[in-house]
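**Student:** Here it is, the structure, as structure tokens.
The values are calculated or read from the model by the stated rules, or taken from the named source; none is laboratory data. No experiment lies behind these values; they were computed from the predicted model shown. Neighbour counts are summed over all protein chains in view; Cβ atoms, including those assigned to glycine, are modelled from backbone coordinates with ideal geometry.
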Amino acid sequence: MNADVQITIDSYPAEVKPVFSLLRQWLYDIAAEEGLNPVSESLKWGEPSYSIKGGSPVRIDWKARRPEMIQLYFHCQTLLVETFRELYPQTFEFEGNRALLLPVRRSLPEAAIKHCFHLALTYHKRKHLPLLGAC
């Protein structure tokens, strides 16, 4: 793990760390399954960020102002969150055109999150397709 990212994760509350680790692992799993490696891990705007060549970055973060949630951030000038809103209107809570909010204390919708990660990591190949080719 990137040292700066590790310092950020170490600052999270104990109940948040395993949720973050699970989300991070799912992102890496998708990249590996799809042959999209390597994943670049860094801090962007103080938040753990994951990107690959040909994809759109995904940031995963926890904030004290919304302690019950972890946020998945996507580039706001893409069609990603708009597409997720169409595909998963009842599955996620959304923050504008940039984030999915995930509850820390409830089970996570694994298949939906992995699908969102897949669409983000392959964004530039599919950005011209209706609903990013998700249907």
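**Student:** Could you say which residue among S21, S42, S49 is among the hydroxyl-bearing types (S, T, Y), in a strand (DSSP E or B) and within 19 Å of L101 (Cα to Cα)? Can you show your working first?
**Tutor:** Numbers: S21 fails: in a strand (DSSP E or B); S42 fails: within 19 Å of L101 (Cα to Cα).
Every option except S49 fails the conditions.
**Student:** Now for a different question. Scan the stretch 96-121 for residues that are more than 21 Å from L22 (Cβ to Cβ) and either part of a helix (DSSP H, G or I) or not charged (D, E, K, R) (or both) and report the count. Quick ask: steps written out before the conclusion?
**Tutor:** Here is the first cut: in the stretch 96-121, the ones more than 21 Å from L22 (Cβ to Cβ) are 96-98.
Now restrict to residues that are either part of a helix (DSSP H, G or I) or not charged (D, E, K, R) (or both): 96-97.
Total meeting the criteria: 2.
**Student:** I would also like to ask the following. Just to check your reading of the model, which residue among P13, P38, P57 is surrounded by fewer than 17 Cβ atoms within 10 Å (Cβ to Cβ), modelled with pLDDT of 95 or more and on the phi < 0 side of the Ramachandran plot?
**Tutor:** Details: P38 fails: modelled with pLDDT of 95 or more; P57 fails: surrounded by fewer than 17 Cβ atoms within 10 Å (Cβ to Cβ).
Step by step, each of P13, P38, P57 is checked, and only P13 is surrounded by fewer than 17 Cβ atoms within 10 Å (Cβ to Cβ), modelled with pLDDT of 95 or more and on the phi < 0 side of the Ramachandran plot.
**Student:** Another one. Among the listed residues W62, W45, which satisfies the condition of being exposed (fewer than 13 other Cβ atoms within 10 Å of the Cβ), in contact with a strand residue (DSSP E or B) (Cβ under 9 Å, 6 or more places away or on another chain) and aromatic (F, W, Y)? Talk me through it step by step, then tell me what you get.
**Tutor:** On the way: W62 fails: exposed (fewer than 13 other Cβ atoms within 10 Å of the Cβ).
Only one candidate qualifies: W45.
To keep it simple, each residue is scored yes or no on (1) among the small types (G, A, S); (2) buried (at least 17 other Cβ atoms within 10 Å of the Cβ); (3) in a helix (DSSP H, G or I).
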residue: D4; (1), (2), (3): no, no, yes
residue: Q25; (1), (2), (3): no, no, yes
residue: A31; (1), (2), (3): yes, yes, yes
residue: K53; (1), (2), (3): no, no, no
residue: F94; (1), (2), (3): no, no, no
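**Student:** Any idea how many residues of the stretch 55-88 are part of a loop (DSSP other than H, G, I, E, B), of a type outside the set (S, T, N, Q) and within 25 Å of K125 (Cβ to Cβ)?
**Tutor:** So in the stretch 55-88, the residues part of a loop (DSSP other than H, G, I, E, B) come out as 55-57, 63-68, 75-79, 88.
Add one more test, that the residue is of a type outside the set (S, T, N, Q), and what stays is 55, 57, 63-68, 75-76, 79, 88.
Subset that is within 25 Å of K125 (Cβ to Cβ): 55, 57, 75-76, 79, 88.
Of the residues in that region, 6 qualify.
**Student:** Kindly list, by first and then second residue, each pair from a residue in the stretch 7-30 that is in contact (Cβ under 8 Å) with a residue 12 or more places away in the chain and hydroxyl-bearing (S, T, Y) to a residue that is part of a helix (DSSP H, G or I) and surrounded by 14 or more Cβ atoms within 10 Å (Cβ to Cβ), limited to pairs with Cβ atoms under 7 Å and residues at least 6 apart or on different chains.
**Tutor:** Y12/F20
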